[in-house]
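*Asks:* I have a structure I would like to understand better, so I am pasting it below and will then ask my questions one at a time.
The values are calculated or read from the model by the stated rules, or taken from the named source; none is laboratory data. Computed from a predicted structure; not experimentally measured. We place every Cβ from the backbone using ideal geometry, glycine too, and count neighbours over all the protein chains shown. In case anyone asks, the SASA skips ligands and DNA or RNA and just uses the protein heavy atoms, side chains included. Shrake-Rupley method; radii C 1.70, N 1.55, O 1.52, S 1.80 Å.
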Amino acid sequence: MNEFKKDLIAQLDKRVADKILEPTNAELLKKLIANANSDNEAMMIAELGTTYKRTGLHFDPRLEKMTDDIHYFKKNETLSFHTDEGKPIHKLIIGDNYEALQNLLIQYRGAIDVIYIDPPYGKDSMGEFAKTNYQNAITRDNLLSMLYPRLMLAKMLLSNTGVIFCSIDIRNYAYTKCLLDEIFGEANAITTLNWKKKKQPSFLSRVASVVEYVLVYAKCAKNIKKLSVDPISDSNKPVINASNTYSERIIRKGIRSKADIDFIKKGIYTNKTMQIDYLDDVEIVGGRTTNDFRCKAKFRTGQDNIDQFCKDDLLFITKNLGLRRDLLIEEKEKAKAITDLLLDWGQNQDGTDVLKSVFDIKDDTTIFDNPKPVSLISNLIKSTMVQEPIVLDFFAGSGTTGHAVLDMGLENAQFILCQLSEITDSTPNGIAYDVTSKRLKRIMTGECYDGNTNFDWIKKNKPYGGNLDVYEIATVANFESTKGKTPFDVIDETLYGQERFERLEDKVKWVCENFNNTQKQVEE
């Protein structure tokens, strides 16, 4: 059984423990999930088996359209660009975010630090997206049905210390909160933030509304101590001090490595005034060490503390092969918590003004309605106090979340954006192609894809630099057997953080284990 099905079954077990689901009903659902032909089928079984007794929320689920095709990432070489190979590679995925999230699970399960979403709020904004998925009238049931499986996948992508922020309006606030309570658990609801979105409301309404809401949930609330935007002088601390005497420590396996290598040969390494002697070779797989090793250096703390840093996943190898540690919880808690009233976190007009500046729009026309301000999203990300976050936005819109991550100036932060290329009157090629990708290209490189450098934003700002890989969701029939066109030919494993397979047998096994609608493997 794959990890996806195991996650769904674990959630059923939790519902039984919380006395939400009858044990006998759960057992039947678990059997159905275990024998489902695909992750999609398993998700639908779990969705239809949800009772919503805990929240009192009831809606008629409309399930995703079923196909026999395999959906996979295909790199768009024309839209992708790299300006600095030493920096992280950001990603823009163009296509249905349900399929994008399923593909992201292959590489990023449990690895996303922050998710921000600004989903369509209902009839006025769902547009072609809803027609693509459901072919029927736009109702609130559609909104909740669309969100449910995507939030389930998002939860699987979040790390154990991860946080999700969801912008929502007053009409859909209560329903969306109930849905998040159901998926993440009421105990993991952190707060609802009240964001002042405009200075001048419409006084023609019964109430002059200036506030919009941001729902905040954690993967595991006990791991979230405080949300703060107070600056902390250091994002991490040294464990070696030049004034101390040399001593030897054992570093336990499994610590993170930020060095872009998979092997450290034993020997002495020097960085400025610091020197560290690796007394053993160190192997690194997937950014983690695979063996215990001994180090000799001017350590400023004892073996017991080093062991605890390893256990708490605080210790890491730096890019220059030094050793540092992340801040302790008590060190982070010295910062002042944010309030739930966000008065100076940017306003809607700020988001519009920035977008106009990037696209050099001088009149009152717009290419994207109501983009969020950069400062709102950057402050939300900053409040998690994760120093090098992986940030996901699967309703990316104009790309403000990517802009916010870049604007924060964090050296190793990474954003992943997913955007359906919905066609509107102002975006004939689709939002992802006419707005999202072009915005990122302009602010990262200082020019558009056509070489244009004559726009307001670049006259006042320096390009952020960095690298962007653009993927599109492609499909291949699971029965395709034409040479060069089979799933095993067209799916590129390197787009999923996987080294290229040397043996076809290994490639076949990997594809069948990780993608929906593949043929079943029969053990001989």
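*Asks:* Quick one: would you say Thr270 is more than 30 Å from Asn188 (Cα to Cα), touching a Ser or Thr at 6+ places or on another chain (Cβ under 7 Å) and not small (Gly, Ala, Ser)?
*Replies:* So Thr270 fails the test.
*Asks:* How many residues does segment 344-362 contain that are open to solvent by 80 Å² or more (accessible area, probe 1.4 Å) and more than 16 Å from Asp230 (Cβ to Cβ)?
*Replies:* Residues that pass the stated criteria total 2.
*Asks:* In segment 93-116, which residues are under 18 Å from Leu158 (Cα atoms) and either touching a Ser or Thr at 6+ places or on another chain (Cβ under 7 Å) or acidic (Asp, Glu) (or both)?
*Replies:* Passing the criteria: Glu99, Gly110, Ala111, Ile112, Asp113, Val114, Tyr116.
*Asks:* Return a yes/no flag: does segment 237-244 have any residue that is surrounded by 18 or more Cβ atoms within 10 Å (Cβ to Cβ) and within 18 Å of Phe316 (Cβ to Cβ).
*Replies:* The answer is yes, given that some residue of segment 237-244 is surrounded by 18 or more Cβ atoms within 10 Å (Cβ to Cβ) and within 18 Å of Phe316 (Cβ to Cβ).
*Asks:* Please tell me if Arg150 is surrounded by fewer than 19 Cβ atoms within 10 Å (Cβ to Cβ), of a type outside the set (Gly, Ala, Ser) and farther than 24 Å from Val16 by Cβ.
*Replies:* no
*Asks:* Which residue is nearest to Ile168 (Cα to Cα), if the candidates are limited to segment 363-376 and must be of a type in the set (Ser, Thr, Tyr) and surrounded by fewer than 16 Cβ atoms within 10 Å (Cβ to Cβ)?
*Replies:* Thr366
*Asks:* Return yes or no: is Ser378 closer than 30 Å to Tyr217 by Cβ, among the small types (Gly, Ala, Ser) and touching a helix residue (DSSP H, G or I) at 6+ places or on another chain (Cβ under 7 Å)?
*Replies:* Answer is yes for this residue.
*Asks:* Applying the selection to segment 75-90, what residues are farther than 13 Å from Leu495 by Cα and in a loop (DSSP other than H, G, I, E, B)?
*Replies:* Answer for segment 75-90, where residues must be farther than 13 Å from Leu495 by Cα and in a loop (DSSP other than H, G, I, E, B): Thr78, Leu79, Thr83, Asp84, Glu85, Gly86, Lys87, Pro88.
*Asks:* Let me ask something else about it. Give me a count of the residues in segment 480-497 that are free of Cβ contacts under 8 Å to residues at least 60 places away in the same chain and out of contact with any helix residue (DSSP H, G or I) (no Cβ under 6 Å at 6 or more places or on another chain).
*Replies:* 10
*Asks:* Output yes when any residue across segment 352-359 is free of Cβ contacts under 8 Å to residues at least 24 places away in the same chain and of a type in the set (S, T, N, Q), and no when none is.
*Replies:* yes
*Asks:* Moving on. Would it be correct to say that Arg54 is at pLDDT below 75, closer than 28 Å to Leu417 by Cα and surrounded by 13 or more Cβ atoms within 10 Å (Cβ to Cβ)?
*Replies:* Here the answer is no, as Arg54 does not meet what is asked.
*Asks:* Restricting attention to segment 252-284, and to residues there that are open to solvent by 80 Å² or more (accessible area, probe 1.4 Å) and either among the aromatic types (Phe, Trp, Tyr) or under 26 Å from the mean Cα position of the chain (by Cα) (or both), which single residue is farthest from Gln387 (Cα to Cα)?
*Replies:* In this case the residue turns out to be Phe263.
*Asks:* Specify which of the listed residues (Val210, Val229, Val216) is free of Cβ contacts under 8 Å to residues at least 24 places away in the same chain and open to solvent by less than 50 Å² (accessible area, probe 1.4 Å).
*Replies:* From the options Val210, Val229, Val216, the qualifying one is Val210.
*Asks:* Residues that are among the hydroxyl-bearing types (Ser, Thr, Tyr) and surrounded by 14 or more Cβ atoms within 10 Å (Cβ to Cβ): find the helices (runs of 4 or more DSSP H) completely inside segment 434-505 holding 1 or more of those.
*Replies:* Here the list reads 437-445.
*Asks:* I want to confirm something. Restricting to segment 1-29 and keeping residues that are open to solvent by 40 Å² or more (accessible area, probe 1.4 Å) and within 24 Å of Arg109 (Cα to Cα), which single residue is modelled with the lowest pLDDT?
*Replies:* Looking at residues that are open to solvent by 40 Å² or more (accessible area, probe 1.4 Å) and within 24 Å of Arg109 (Cα to Cα), I get Met1.
*Asks:* Something else about it: Exactly one of these conditions fails for Phe415: (1) closer than 30 Å to Ala259 by Cβ; (2) part of a helix (DSSP H, G or I). Give me its number.
*Replies:* Every listed condition holds for Phe415 apart from (2).
*Asks:* Do you know which of the residues in segment 285-341 that are under 16 Å from Arg252 (Cβ atoms) and acidic (Asp, Glu) is surrounded by the fewest Cβ atoms within 10 Å (Cβ to Cβ)?
*Replies:* Asp304
*Asks:* Condition (residue is among the aliphatic types (A, V, I, L, M), modelled with pLDDT of 95 or more and touching a Cys at 6+ places or on another chain (Cβ under 8 Å)) applied to segment 111-119: is it met by at least one residue?
*Replies:* Yes, segment 111-119 contains a residue that is among the aliphatic types (A, V, I, L, M), modelled with pLDDT of 95 or more and touching a Cys at 6+ places or on another chain (Cβ under 8 Å).
*Asks:* A further question on this structure: Would you please list the contacts, defined by Cβ atoms under 6 Å and residues six or more apart or on different chains, that run from a residue in segment 154-170 that is touching a residue at least 60 places away in the same chain (Cβ under 8 Å) and under 16 Å from Ile224 (Cβ atoms) to a residue that is polar (S, T, N, Q) and surrounded by fewer than 21 Cβ atoms within 10 Å (Cβ to Cβ)?
*Replies:* Final answer for the pair search is Asn160/Asn223; Thr161/Asn223.
*Asks:* Additional query: Please list, ordered by residue number, the strands (runs of 3 or more DSSP E) wholly in segment 194-313 having 3 or more residues that are modelled with pLDDT of 90 or more.
*Replies:* Those strands (runs of 3 or more DSSP E) span 211-218, 247-251, 267-271, 274-278, 282-285, 293-297.
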